[in-house]
Amino acid sequence: MNSELVKNEGGRATLKVTIPAKEFKDFYNSAVSNLSREVNIPGFRKGKAPKQIVISRLGENYVLSEAAQIAISKTYANAIQSNDVKPFSEPEYEVEQVEADKDFIYNIVVDILPEIELPEYKGVKAVKKVKKATDDEVDNVLKDLQKRHSQLVAVEDRDTVEEGDYILFDFKGFVDGEPFEGGAAENYTLEIGSNSFIPGFEDQLIGQKIGEEGKVTVTFPEDYHHEALKGKESIFEVKVNEIKKEELPELDDEFAKDVSDKETLDEYRVQIKEDLQKSYDHQAAHELEDQILTKLLEESEFDAPPSMVELQVEQIINDFKSRVEYQGISWELYLEHSKKDDEAIKADLRPQAVTQVKNYFILKEIALKENIEVSEDELDLKLEEMAENYQMAKDVIREYYEQNNRLDDLRYELQTQKTLQFLVEHASVEEQVVEPEDLQA
């Protein structure tokens, strides 16, 4: 048997294996013997039919296919080892030549572990963006909370709709004189000025009186998610049933007790500011790690195994689907609105997947060189932390990870955190004060 590495790029290796005709003849004869024992041939006991009868009964191509499978199974491992190829995925086989009296030639195509030559990873220059939480931001958080805990109360001193009102109203829409699906509702709640309806709809409700019937004329946008309504003019019959206004709770100690575990508003303000600062610090740390990894990636030249990239693409798209559906939007509707199909979405996400896979190998290589490992005590401490967060017994958490074969995933997560911490500690970091919008989410 002769084998040679004919291609090694893109994270894949192709080996060409040639088995001389004389050796392949042995595999051919083995295939005939195996088939003779497995196939019922009239007039013969299994394994007793003559060679030519077996070939005639099953066909030359069938026997050659069986011989090729035997030859590949017997020579694959040796071809991989002799060419010092480290496979990462299940191999693909491409038969180039298979005939009874000729050399058998086939190719092995397999994803391989990349050989990484790391750049200098200590002393990487990076900028840490620092943001300090302010009292104005605390005020904004409280205003948002105040709004979320507001109540809608009936307006009693007027019967005419104004900007900012919340109304309960009936509506029924018509296109070309015909009602359309989803175009009608009763006692629907709408905030005037929220722009949650078709542009121009809410403006035409201002001045409408309670109990009076009116009409609103609008044109659906050209990019509207329902194809049949795009660019169509619609007339809505409307009737306002009730007008309400938003009533905000007082920002005082009682409010703080209702929305937190603090006794006073001042204590709650301190907590809000601390939480904001923790969030900013976390964002800054995450962005700093990304900076360092990006620089290392730019200076590293290696290919990510395609099969691993595809697995990562699937993981990213599944997570993305979950977020979309969590918002109450079906994946089909999202695709329709984005004017893309699954393959286009995957193509958009593939560069992100490549980066994540390459980062995985860079961090693993640095951890290996620096002997960064995760001890059992560190793993146990992480399980305790998770148990506390989920309010479950630590043994239950460990059992879950063991039964689902995910303890190694948890170890890798901890090793990654330690490796990133190592890179940050050995980086040349300059701090820069920024506004919160300059921090990555």
Item checked: Qualifying residues in the range 219-239 (those that are assigned to a strand (DSSP E or B) and of a type in the set (A, V, I, L, M, F, W, C)) - the one surrounded by the fewest Cβ atoms within 10 Å (Cβ to Cβ) -> 235
Check: Within the range 329-356, how many residues turn out to be outside any helix (DSSP H, G or I) and either at pLDDT 90 or above or of a type outside the set (Val, Ile, Thr) (or both)?
Finding: 4
Notebook entry, point to check: Are any of the residues in the range 99-109 touching a helix residue (DSSP H, G or I) at 6+ places or on another chain (Cβ under 9 Å), within 26 Å of residue 311 (Cβ to Cβ) and touching a residue at least 12 places away in the same chain (Cβ under 8 Å)?
Noted result: yes
Check: Residues in the range 106-114: is at least one surrounded by fewer than 16 Cβ atoms within 10 Å (Cβ to Cβ) and either within 13 Å of residue 24 (Cβ to Cβ) or of a type in the set (Lys, Arg) (or both)?
Finding: no
Note to self: Quick check on my filter: what residues within the range 318-348 are closer than 30 Å to residue 418 by Cα and either among the basic types (Lys, Arg) or buried (at least 18 other Cβ atoms within 10 Å of the Cβ) (or both)?
What the structure shows: 323
Check: Among the residues of the range 1-60, which ones are surrounded by 13 or more Cβ atoms within 10 Å (Cβ to Cβ), closer than 22 Å to residue 77 by Cα and hydrophobic (A, V, I, L, M, F, W, C)?
Finding: 1, 5, 13, 15, 17, 19, 21, 24, 27, 31
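Matching residues to (1) under 30 Å from residue 423 (Cβ atoms); (2) surrounded by 15 or more Cβ atoms within 10 Å (Cβ to Cβ); (3) outside the structural domain of residue 23 (by TED's automatic domain parsing):
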| residue | (1), (2), (3) |
| --- | --- |
| 74 | no, yes, no |
| 138 | no, yes, yes |
| 156 | no, no, yes |
| 159 | no, no, yes |
Next item on the list: Could you pull out the residue among 143, 132, 128, 86 that is surrounded by fewer than 16 Cβ atoms within 10 Å (Cβ to Cβ), touching a residue at least 60 places away in the same chain (Cβ under 8 Å) and either farther than 26 Å from residue 433 by Cα or not assigned by TED's automatic domain parsing to the domain that holds residue 211 (or both)?
Entry: 132
Margin query: What's the number of the only condition in (1) modelled with pLDDT of 95 or more; (2) in contact with a Lys or Arg (Cβ under 8 Å, 6 or more places away or on another chain) that residue 267 fails to meet?
Written below: (2)
Notebook entry, point to check: If you take just the helices (runs of 4 or more DSSP H) that sit entirely in the range 359-441, which of them hold at least 1 residues that are closer than 29 Å to residue 128 by Cβ, out of contact with any strand residue (DSSP E or B) (no Cβ under 7 Å at 6 or more places or on another chain) and free of Cβ contacts under 8 Å to residues at least 24 places away in the same chain?
Noted result: 376-390, 407-425
Next item on the list: Check 63, 39, 127, 98 and return the single one that is of a type in the set (A, V, I, L, M, F, W, C) and in contact with a Lys or Arg (Cβ under 9 Å, 6 or more places away or on another chain).
Entry: 39
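For (1) over 24 Å from residue 339 (Cα atoms); (2) assigned by TED's automatic domain parsing to the domain that holds residue 160; (3) without any contact (Cβ under 8 Å) to a residue 24 or more places away in the chain, each residue gets a yes or a no:
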| site | (1), (2), (3) |
| --- | --- |
| 177 | yes, yes, yes |
| 186 | yes, yes, yes |
| 196 | no, yes, yes |
| 206 | yes, yes, no |
| 217 | yes, yes, yes |
| 232 | no, yes, no |
Next item on the list: Filter the range 55-78 for residues that are within 45 Å of the chain's Cα centre (by Cα) and of a type in the set (Asp, Glu) and give the result.
Entry: 66
Next item on the list: Answer yes or no as to whether residue 55 is among the hydrophobic types (A, V, I, L, M, F, W, C), assigned by TED's automatic domain parsing to the domain that holds residue 83 and farther than 17 Å from residue 104 by Cα.
Entry: yes
Next item on the list: Sort out which residues of the range 271-288 are surrounded by 18 or more Cβ atoms within 10 Å (Cβ to Cβ) and without any contact (Cβ under 8 Å) to a residue 24 or more places away in the chain, and write them in order of number.
Entry: none
Note to self: Just checking, does the range 30-42 include any residue being over 30 Å from residue 355 (Cβ atoms), under 44 Å from the mean Cα position of the chain (by Cα) and not aromatic (Phe, Trp, Tyr)?
What the structure shows: no
Margin query: Anything in the range 43-84 that is hydroxyl-bearing (Ser, Thr, Tyr), closer than 13 Å to residue 32 by Cβ and at pLDDT 85 or above? List them, or say none.
Written below: 62, 65
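The values are calculated or read from the model by the stated rules, or taken from the named source; none is laboratory data. These numbers come from a predicted model, not from an experiment. Glycine gets a Cβ as well: all are built from the backbone with ideal geometry, and neighbour counts include every protein chain shown.
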